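Peer 1: This is the structure, below, for whatever I ask next.
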Amino acid sequence: GLPQPSSGMPGVPEVTGDAGVREHLARIRWCESRDDYTINTGNGHYGAYQFTINTWMAVGGSGYPSDNSPAEQDYRAYILLTQYGAQHWPVCGQR
């Protein structure tokens with residue numbers, strides 16, 4: 001079968017009650033890019049979570065998401081999901 005999404009998210013704070021958020025991010029990441037943190041297909045979306053540059057910068061990222069570490073991408077996605085919700089992932093963000 002297909003490999004499953006990885007659950008280790010070193011950039012996401014290990015806060016009690018955040019297990020559901022980490023699991024949600026893992027599903028989003030798997031759906032968006034199959035866990036490929038370096039993906040840049042030229043469609044204006046970058047990295048494991050397929051950030052646009054504007055969204056990436058809005059959550060404090062710099063450079064291109066796909067050039068940043070997995071921990072950094074996980075952290076920025078965590079901020080996006082917990083502060084703004086899953087609407088930035090209209091397909092993959094559904095629970």
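Peer 1: Looking at segment 62-95, which of its residues are of a type outside the set (A, V, I, L, M, F, W, C) and in contact with a His (Cβ under 7 Å, 6 or more places away or on another chain)? Please lay out each step first, then the result.
Peer 2: Keep residues of segment 62-95 that are of a type outside the set (A, V, I, L, M, F, W, C), which gives 62-70, 72-76, 78, 82-85, 87-88, 90, 93-95.
Listed by number, the list holds a single entry, Arg95.
Peer 1: Pairs needed: first member in segment 22-38, in contact (Cβ under 8 Å) with a residue 12 or more places away in the chain and closer than 12 Å to Asp74 by Cα; second member anywhere, surrounded by fewer than 19 Cβ atoms within 10 Å (Cβ to Cβ) and of a type in the set (Gly, Ala, Ser); C-beta distance under 6 Å; at least 6 residues apart or different chains.
Peer 2: If the second residue must be surrounded by fewer than 19 Cβ atoms within 10 Å (Cβ to Cβ) and of a type in the set (Gly, Ala, Ser), the pairs left are Ala26/Ser7; Asp35/Ser6.
Peer 1: Could you say which residue among Gly93, Gly60 is within 11 Å of Ile28 (Cβ to Cβ), small (Gly, Ala, Ser) and in contact with a helix residue (DSSP H, G or I) (Cβ under 7 Å, 6 or more places away or on another chain)? Can you show your working first?
Peer 2: On the way: Gly60 fails: within 11 Å of Ile28 (Cβ to Cβ).
Answer to the check: Gly93.
Bear in mind that the values in this text are calculations on the coordinates, not laboratory data. In this text the structure is predicted, and so the values were computed from the model without any measurement. Every residue, glycine among them, receives a Cβ derived from its backbone with ideal geometry; neighbour counts consider all protein chains shown.
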